[in-house]
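The values are calculated or read from the model by the stated rules, or taken from the named source; none is laboratory data. Keep in mind that what you see is a predicted model, and the values were worked out from it rather than measured. Positions of Cβ are generated from backbone atoms using ideal geometry, with glycine treated the same way; all protein chains shown enter the neighbour counts.
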Amino acid sequence: MMRLMEQSLSKRRYAAYFGIPLACVLIAGYTGYDLGTRYPRTFEVKGLENAETGITSKEDFAIFWEAWQMIQNSYLRAGEVKSGDMIYGAATGLVASLDDPYSVFMDPEEAKRFGEDINGNFGGIGAEIGLKNEQVVIIAPLKDSPAEKSGLRSGDKIYEINASSTVGMSINDAVKKIRGPKGTGVTFLIGRTGHEKPLTIKVVRDTIKIPVVEWAMKEGNIAHVQFYTFSEDSSGLVRTAVQEAQAAGAKGIVLDMRNNPGGYLDAAVTIAGYFMDAGQTVVFEEFRNGKRDTFLSRGTPIAKGIPLAILLNGGSASASEILAGALKDNLGTQIVGEKSFGKGTVQELTELRGGAEIKLTIAHWILPKGTQIDKNGIEPDVAVKYTETDREKKRDPQLDKALELVKAKIK
């Protein structure tokens with residue numbers, strides 16, 4: 001089992017068991033059914049116990065077995081349906097009933113694709129998607145990805161995928177429609193702020209390699225350090241970038257997490273420790289019973305005391321919000337740009353038998369001063385928009401403002 005943050009992993013520890021009982025129940029319960037009856041009799045199955053785990057359910061499972069038996073006895077193409085697919089379908093529906101876009105069941109094939117995604121090398125369009133106000137949206141296109149090159153932007157509302165409406169569509173289903181063989185196209189109908197009519201954008205799928213960290217020295221010896229994901233190795237790469245910038249004479253740093261949809265929690269905690277003393281609170285993980293786990297900064301603060309500013313926008317989510325919030329609450333670091341996405345729930349990834357996996361929301365993130373990230377996001381201290389005109393003219397007023405703030409702090 002692994003912990004995730006929105007579609008993002010934290011490898012820090014394992015957690016509670018979930019998942020296996022369904023398969024066991026199917027095996028245990030099936031044998032008690034009258035398989036020779038065309039129209040099965042109705043009876044209650046209550047207090048069902050999983051022999052492997054001792055977990056007991058008081059729910060009435062009779063309706064499940066009745067539906068199962070009707071399919072076996074009466075469905076026109078029952079011979080074409082595999083029992084395993086029916087079990088996966090039941091598990092999918094079980095998790096879908098939670099009405100939580102970030103909790104999903106994945107059959108073995110889907111679980112394999114998910115593993116490819118989080119390892120940073122996969123086929124697709126190169127964009128993080130999510131749900132906002134029950135609408136499928138682009139959280140952030142990855143740098144130099146087919147999505148970015150085709151014109152998709154953070155905040156775009158996806159109305160259709162290949163002419164299929166996204167109304168009521170889950171993130172998992174949207175991902176299934178978006179992914180496909182390298183070299184093939186996927187067409188989106190997009191709603192974008194400032195455009196009266198929807199836009200049609202076609203993206204050609206390709207193998208996606210996620211960029212991690214870039215840095216450049218700006219005027220006044222201020223390092224612009226931009227990172228695009230919190231991958232397994234991003235904390236080491238950010239550390240290298242910061243040290244290289246300091247060796248080159250950097251007197252201040254702008255941390256740019258615009259369009260960074262998040263990733264490993266461990267990376268966010270480690271990077272926070274580059275700028276503040278070990279042992280300071282980075283984030284709280286709060287569970288449904290009110291219990292909190294505290295994550296503290298660690299390591300050597302290689303850039304403690306250096307003038308600092310942070311850039312965020314609507315594509316900054318999850319780990320980006322945790323790191324930005326921790327530096328703001330602990331150090332008073334100013335945030336420039338636009339309100340972040342607001343993805344602050346914790347998902348736990350558990351491997352089930354046969355290679356299937358289940359991802360469940362189990363907690364949410366609370367910043368050191370008590371702000372809940374989920375659905376709230378982080379408001380910038382200095383709001384600066386980045387417009388289509390800015391993009392066309394290749395200017396960056398958000399970065400300019402952040403550099404200005406850092407320059408004013410340099411003694």
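So which residues in segment 345-381 are touching a Ser or Thr at 6+ places or on another chain (Cβ under 6 Å), surrounded by 19 or more Cβ atoms within 10 Å (Cβ to Cβ) and farther than 16 Å from Y102 by Cα, if there are any at all?
Matches in segment 345-381: G377, I378.
In the set I310, I302, which member is crowded, with 24+ Cβ neighbours inside 10 Å and of a type in the set (V, I, T)?
Within the list I310, I302, the selection yields I310.
Residue under question is G130, and the condition is that it be outside the structural domain of R258 (by TED's automatic domain parsing), on the phi > 0 side of the Ramachandran plot and modelled with pLDDT of 85 or more; does it hold?
In short, no.
Within segment 386-411, can you find the residues that are modelled with pLDDT under 95 and either under 30 Å from A363 (Cβ atoms) or assigned to a loop (DSSP other than H, G, I, E, B) (or both)?
If the condition is that a residue be modelled with pLDDT under 95 and either under 30 Å from A363 (Cβ atoms) or assigned to a loop (DSSP other than H, G, I, E, B) (or both), then Y386, T387, K393, K394, I410, K411 are the ones that fit.
Here are some residues: T200, T193. Which one is over 22 Å from the mean Cα position of the chain (by Cα), assigned to a loop (DSSP other than H, G, I, E, B) and surrounded by fewer than 21 Cβ atoms within 10 Å (Cβ to Cβ)?
T193
Of the residues that sit in segment 268-288 and are under 19 Å from the mean Cα position of the chain (by Cα) and farther than 21 Å from G236 by Cα, which one is surrounded by the most Cβ atoms within 10 Å (Cβ to Cβ)?
E285
If the requirement is being among the aliphatic types (A, V, I, L, M), touching a Phe, Trp or Tyr at 6+ places or on another chain (Cβ under 7 Å) and part of a strand (DSSP E or B), which of these qualifies: I310, I358, I322, I335?
The unique qualifying residue is I358.
Please tell me if L327 is assigned by TED's automatic domain parsing to the domain that holds F287, assigned to a helix (DSSP H, G or I), hydrophobic (A, V, I, L, M, F, W, C) and within 26 Å of T294 (Cα to Cα).
yes
Could you tell me whether E128 is of a type outside the set (A, V, I, L, M, F, W, C), part of a strand (DSSP E or B) and within 23 Å of K343 (Cα to Cα)?
yes
Every residue in segment 242-267 that is over 25 Å from the mean Cα position of the chain (by Cα) and assigned to a helix (DSSP H, G or I), please.
Answer for segment 242-267, where residues must be over 25 Å from the mean Cα position of the chain (by Cα) and assigned to a helix (DSSP H, G or I): V242, Q243, E244, A245, Q246, A247.
Would you be able to say whether some residue in segment 160-170 is touching a Leu at 6+ places or on another chain (Cβ under 7 Å), at pLDDT 90 or above and either outside any strand (DSSP E or B) or surrounded by 16 or more Cβ atoms within 10 Å (Cβ to Cβ) (or both)?
Yes: segment 160-170 contains one or more residues that are touching a Leu at 6+ places or on another chain (Cβ under 7 Å), at pLDDT 90 or above and either outside any strand (DSSP E or B) or surrounded by 16 or more Cβ atoms within 10 Å (Cβ to Cβ) (or both).
If I filter segment 79-103 down to residues being part of a loop (DSSP other than H, G, I, E, B) and over 23 Å from the mean Cα position of the chain (by Cα), which single residue comes out as nearest to L349 (Cα to Cα)?
Applying the filter and picking the extreme gives K82.
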